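Comments concern the structure below.
The values are calculated or read from the model by the stated rules, or taken from the named source; none is laboratory data. Everything numeric in this text was worked out from a predicted model, so none of it was measured. Just so you know, the surface numbers come from the protein's heavy atoms only, side chains and all, with ligands and any DNA or RNA stripped out. Shrake-Rupley method; radii C 1.70, N 1.55, O 1.52, S 1.80 Å.
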Amino acid sequence: MSIVLGALSIASFWVVGLGFVLGVSAVVCGAFATSRSGVADDESASLRALLGVVAGVAGITVSAIALFPVLEYL
């Protein structure tokens, strides 16, 4: 789920605030997934959770970069 939210946050960076919210949601879901004991034992599930966190951080970063020029007009 965090990978999908992260990908959506990167894809919707141009919508003011939506990419940022989706990125934060991806980071939270990825962090929650890594804290589960079943994921910690499974290497592929742990990698997917980490990839979701990375995609969420990338979505937050891209959304923030796209938001800075728009802030003066809000």
Along the principal axes of its C-alpha atoms, what lengths does the range 1-60 span, in descending order and rounded to whole Å? 38, 15, 13
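222 nm [θ] for the chain, helices only, -39500 (n - 2.57) per DSSP H run of 4+, per residue, to 500?
Numbers: 4 runs with 58 residues, N = 74.
Value at 222 nm, helices only, nearest 500: -25500 deg cm²/dmol.
Per residue, how much accessible surface does the chain expose to a 1.4 Å probe? Answer in Å², no decimals. Please report the intermediate quantities before stating the final value.
Details: 4800 Å² over 74 residues.
For the chain, the per-residue accessible area is 65 Å².
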Out of Ser44, Ser63, Ser12, a Gaussian network model of the chain with alpha-carbon springs under 10 Å gives the largest mean-square fluctuation to Ser44
So the carbon and sulfur contribution to the accessible area of the chain, 1.4 Å probe, in percent, is 75 percent
